[in-house]
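Below: one structure, written as structure tokens.
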Amino acid sequence: MGAPRARGPVTAWAAAAADELAELVIPRACVGCGADTVSVCGHCLTGMATETITALPRYGTAAVTAAGSYTGVLRAALVAFKESGRKDLAPLLGLQLARAIITCLQEIPTPGGLVLLVPVPATPKARRARDGNHVAQLCEEAAQLLAADRLRVHTAELLTVRRHRDQVGFGARSRRRNVRGSHALDTRLTPRARHAVSQTTTILIDDICTTGATLAESARALRTGGILPCGTAVIALAPGSGSLER
């Protein structure tokens, strides 16, 4: 038996086309209650319409703004999108992220000009499993919505990450130790580009904030390159993540 053949551009295109076709023909079930034919039914969607939350995480020096708590339908949608390939949920999660970003921008003293969404980096293993950086994908969804509202918003993957263990199941201190020193500014970013980024309204983005350790590490990496995050936004805040500001 010969060695497995690498996926070339034609087979990669075919796989992508098959995924798109599946989105059209495979019946969907509500991620919240299981109702047929819809990604999220009206009843479950209403349950997601909560006020945004701002809190100071356990590990972090800056407040984090979230669209809601990591419970119920919002939690189910995030898990399904990340772990089960439910790409149909991307627009809904992008909308939730956009809500958090808007609140975050309202709390910045002097916002203006270009808003840059910087997703936390994904390990190579996570990229392979999820067909890229899923946080960056949700940033793109949010950016499109915000751009339609006449905001100048772009996504920029500025950070890289060295290999570290998956955070799932770790306690607060273990999470902090696991990611410490693991993020870095992309070496392809020139001094001129770093300066240009530093002049924008930079918002650090993650999908979930549990202890704030990952966000704190990303913020540290940005600061080493002279880029000061103006705010932090996530889709969901895990219960007990930190002290609520409001």
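The values are calculated or read from the model by the stated rules, or taken from the named source; none is laboratory data. Everything numeric here is computed off the predicted structure, so don't read it as measured data. Here Cβ is always computed from backbone atoms with ideal geometry, including for glycine, and neighbour counts include all displayed protein chains.
Things worth noting here:
- Residue check, G47 in contact with a helix residue (DSSP H, G or I) (Cβ under 8 Å, 6 or more places away or on another chain) and at positive phi: no
- Unique match (being crowded, with 16+ Cβ neighbours inside 10 Å, of a type in the set (A, V, I, L, M, F, W, C) and at pLDDT 95 or above) among A76, A63: A76
- Selection count where residues are surrounded by fewer than 23 Cβ atoms within 10 Å (Cβ to Cβ), touching a residue at least 60 places away in the same chain (Cβ under 8 Å), in contact with a helix residue (DSSP H, G or I) (Cβ under 8 Å, 6 or more places away or on another chain) and under 15 Å from L151 (Cα atoms), scope the stretch 94-139: 1
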